[in-house]
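What follows is a set of notes on a single structure, which appears directly below.
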Amino acid sequence: MSEQPVQLPLPGFESARAEWRRDYDGQAGQDGILRNRSGIEIKPLYTCEDWGEERYMEDLGFPGQLPMTRGIYPSMHRGRTWTQRQLVGFGTPEDYNRRLKTILAAGGTAGSLIPCNSVYRGYDCDEVELPLLGTCGAVVNTVDDMDLCYRDIGVGELSTAVNDPLPFTLLALLLAVAERRDVPWSRITGTSNQSDYISHFVANHMFFRIALPGSRRVLVDHVEFCQTHLPGWNPISVVGQHMQQGGATPAEAMALTLCTAIQYAEDCRARGMDPDVFLPRFTFFFDISISFFEEIAKLRAGRRLWQRIVRERFGAKNPKAWRFKFHAQTSGVDLTRQQPLNNVARVAVQAVAGIFGGLQSLHTDAYDEVLSVPTEEAARIAIATQNILREEAHLTDVIDPLGGSYYLETLTNRMEEEIEATIARIDAVGGMFAAVEAGRPQDMIGKSALAFQQKIDSGQETIVGVNKYREAEEPTTAPSPLERPDQGAMEAHIARFRAFKAERSQAAVTAALDTLARAANAVSGTPGQNVYEKVVEAAMAGVTHGELCACLRREFGFGQPLVMP
Amino acid sequence: MSDSTKSISPPPRVLVTKIGLDGHDRGSRIVAAYLRDAGMEVIYTAPWQKIEAVVKLAVEEDVDVIGVSSLATDHLLLPDLMAALGEAGFGHVKVVAGGIIPDGDEAELLRAGVSRVFHPGSPREDIVATVGDLATQARAACANG
């Protein structure tokens, strides 16, 4: 005897919704209102009432087409996956050269150059304490050092992201090496990372060297120089990552990044440059926190806003100017020292959010970054995570796979509104430069950082192994096999540096520094007085990184933090 | 306010700073806010302080505790700070460190006289209570010295 199939009429939307609401309220208890990190209320369920197909063309369109929500290229990750760009930098130039060769031998095609903190601070190796040299990056001060970094490697064959805050001395040294090797500058490709001085003043005090007005001048000179001489170089990377790592919510970080990009674009336009020429070379860099859907929505909303901003504010007609190209890094702030292997799971979730957000380049953090500079094993797992997500989990088979989700589309629209509201607040005080001088973004970020920390302290936000699910007796972490540069090799490097300085033409060095100082004192935009051009010429004359920074600090003033607790 | 901060009057004076080359200051700013909220007098500096500058400020401001944040490897200079404090006749001042400090380095810092090393995830109450207790000890040592 067969069972009779139960036939029920399809209920109407309204009555079904009412019934669900009743049942839901009966089960859910008093959960209160949930909000994401950006403060947006998150409902328990999203339906076609929140977002519907009738909005498809207005909100989404097709990949590579306006409004760019689904991605900046027609084929996105199906056509070409992202660049796997891990950071490289440690010890002497020889150490860097060895590591770079290992990466290239393993099939890598993109490099990165992370200099030592002494370089970030604008000093040469003989100006700082020996134990700090080369611990967090490579010590590169002279054209000879850069030549060693690229020993047996063609400077025109490798795209390099250089962590090189203004006045972009490392790029200048790279160009000097190219000149020495007869490689045309047109073949030099890569990105000036850490060119976004505004983010340094607002949120990351690691990188700034020159006072705010001078920084503004040098960046525009740099963009102008690159536009003329380096067609394959991205002179600007706008760093939302600093804002978010400093404590901005995801929506605030995106808004402040877009405001910063608007400021730079306005400054370039004021110099007389064409937005259709310089905007296609703008790139971005974002943090991916573990707030999964919020991060995907942040990146999609940012992409949609950027194409609108460049068209509405800058009249950009070149479709390449509409593309919101970005690198993303999984957030180290979310990683924990407690139960450190848990970080492997966190990084994977963050990376998935970035991939679904449509990134062009990805750095996955090593799980032990919160303990020390990453070990080799942890760095390998970070790369493997990307390979697993791409080739085992097949995350790249479909373009923007979450597009059309009632929740994600509603959230993307809400994030866009939040971001626009913050942009309007910055516009109201006269744009990003004026806002930074008045301390507005610093204040915003400081408050958000403290508010989030208070949520962790009160247990409102769970951090596994820290404020919940703690092990009764925390196992002591294994002593990390921390690598420190060889002190003998570093001392030899300093001796070589001193010999380099003694042997170069002192007359040429003095002349180059005089010319640089004169350009710095000329009115911004004076023909023939491009500060960056003089930096490059000085590097070719044997002037060192520290001397270049010192000269411009004398002329423009020292950078100082514009924020206090 | 924790009990330890009530136990001495005037309230503990704490210098929150960063030495060396790194500039990541989210942590030092949050800890400064914690201590201030707990009723302590906090003297906060920008990053990149020279050892001599920290000692000079500690003496001028007559602090009880110095908190040094280290996110790179700048804590390697802490033994130098301990020595410089001693030479300045300010050896009673307690020094704590916090940030990304590997276990091997932590042992070395404690041997050099650093009172305590905090790590990411160290609870707020622990930081506030420890600094308060150390301030009490520093005051007592100063009075006896």
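The values are calculated or read from the model by the stated rules, or taken from the named source; none is laboratory data. Worth saying up front: this structure is predicted, and the values here are computed from it rather than measured. Backbone-built Cβ (ideal geometry, glycine too); neighbour counts: all protein chains shown.
Observations
- The set of residues in region B:70-105 that are small (Gly, Ala, Ser) and within 12 Å of chain A (Cβ to nearest Cβ) comprises B:70, B:72, B:98, B:99, B:104.
- Count of residues meeting criterion [more than 9 Å from chain B (Cβ to nearest Cβ), among the hydrophobic types (A, V, I, L, M, F, W, C) and more than 22 Å from residue A:181 (Cβ to Cβ)] in region A:126-148: 2
- Consider region A:438-469 and keep the residues that are more than 26 Å from the chain's Cα centre (by Cα) and in contact (Cβ under 8 Å) with a residue 24 or more places away in the chain. The one that is farthest from the other protein chains (Cβ to nearest Cβ) is A:464.
Residue by residue, here is whether (1) over 30 Å from residue A:497 (Cβ atoms); (2) at pLDDT 90 or above; (3) not assigned by TED's automatic domain parsing to the domain that holds residue A:379 holds:
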position	(1), (2), (3)
A:11	yes, yes, yes
A:23	yes, yes, yes
A:72	yes, yes, no
A:92	no, yes, no
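- Output for region B:45-69, where each listed residue is within 10 Å of another protein chain (Cβ to nearest Cβ) and at pLDDT 95 or above: B:51
- Output for region A:425-442, where each listed residue is surrounded by fewer than 18 Cβ atoms within 10 Å (Cβ to Cβ) and either in a helix (DSSP H, G or I) or β-branched (Val, Ile, Thr) (or both): A:425, A:427, A:428, A:429, A:434, A:437
- Test result for residue A:473, of a type in the set (D, E, K, R) and at pLDDT below 90: yes
- Pairs linking a residue in region A:245-257 that is farther than 12 Å from residue A:333 by Cα and more than 11 Å from chain B (Cβ to nearest Cβ) to a residue that is aromatic (Phe, Trp, Tyr) and surrounded by 24 or more Cβ atoms within 10 Å (Cβ to Cβ), with Cβ atoms under 7 Å and 6 or more positions apart or on different chains, are A:257/A:284.
- Conditions (1) among the acidic types (Asp, Glu); (2) surrounded by fewer than 17 Cβ atoms within 10 Å (Cβ to Cβ); (3) under 29 Å from residue A:456 (Cα atoms): number failed by residue B:60: (3)
- Residues in region A:93-124 that are under 16 Å from residue B:72 (Cβ atoms) and either part of a helix (DSSP H, G or I) or away from every other protein chain (no Cβ under 13 Å) (or both) were compared, and the one that is farthest from the chain's Cα centre (by Cα) is A:118.
- Residue count for region B:117-136, restricted to those that are under 25 Å from residue A:334 (Cβ atoms), in contact with a helix residue (DSSP H, G or I) (Cβ under 9 Å, 6 or more places away or on another chain) and not in a loop (DSSP other than H, G, I, E, B): 6
- Counting only helices (runs of 4 or more DSSP H) that fall entirely inside region A:268-358 and contain at least 3 residues that are away from chain B (no Cβ under 14 Å), under 27 Å from residue A:379 (Cα atoms) and within 19 Å of the chain's Cα centre (by Cα), the qualifying elements are A:292-314, A:342-356.
- Count of region B:122-145 residues which are under 15 Å from residue B:89 (Cα atoms) and exposed (fewer than 14 other Cβ atoms within 10 Å of the Cβ): 3
- For region A:157-179, the set of residues classified as touching a residue at least 40 places away in the same chain (Cβ under 8 Å) and assigned to a helix (DSSP H, G or I) consists of A:169, A:170, A:171, A:172, A:173, A:175, A:176, A:179, listed by residue number.
- Selection within region A:403-424 - surrounded by fewer than 18 Cβ atoms within 10 Å (Cβ to Cβ) and either aromatic (Phe, Trp, Tyr) or in contact with a Phe, Trp or Tyr (Cβ under 6 Å, 6 or more places away or on another chain) (or both): A:406, A:407
- Any hit, region A:190-212, residues being part of a helix (DSSP H, G or I), of a type outside the set (Phe, Trp, Tyr) and surrounded by fewer than 22 Cβ atoms within 10 Å (Cβ to Cβ): yes
- Residue check, residue A:334 in contact (Cβ under 8 Å) with a residue 24 or more places away in the chain, of a type outside the set (Ser, Thr, Tyr), closer than 29 Å to residue A:411 by Cβ and crowded, with 19+ Cβ neighbours inside 10 Å: yes
- Residue that is modelled with the lowest pLDDT [pool: residues in region A:476-490 that are surrounded by 13 or more Cβ atoms within 10 Å (Cβ to Cβ) and either among the β-branched types (Val, Ile, Thr) or within 17 Å of residue A:133 (Cβ to Cβ) (or both)]: A:477
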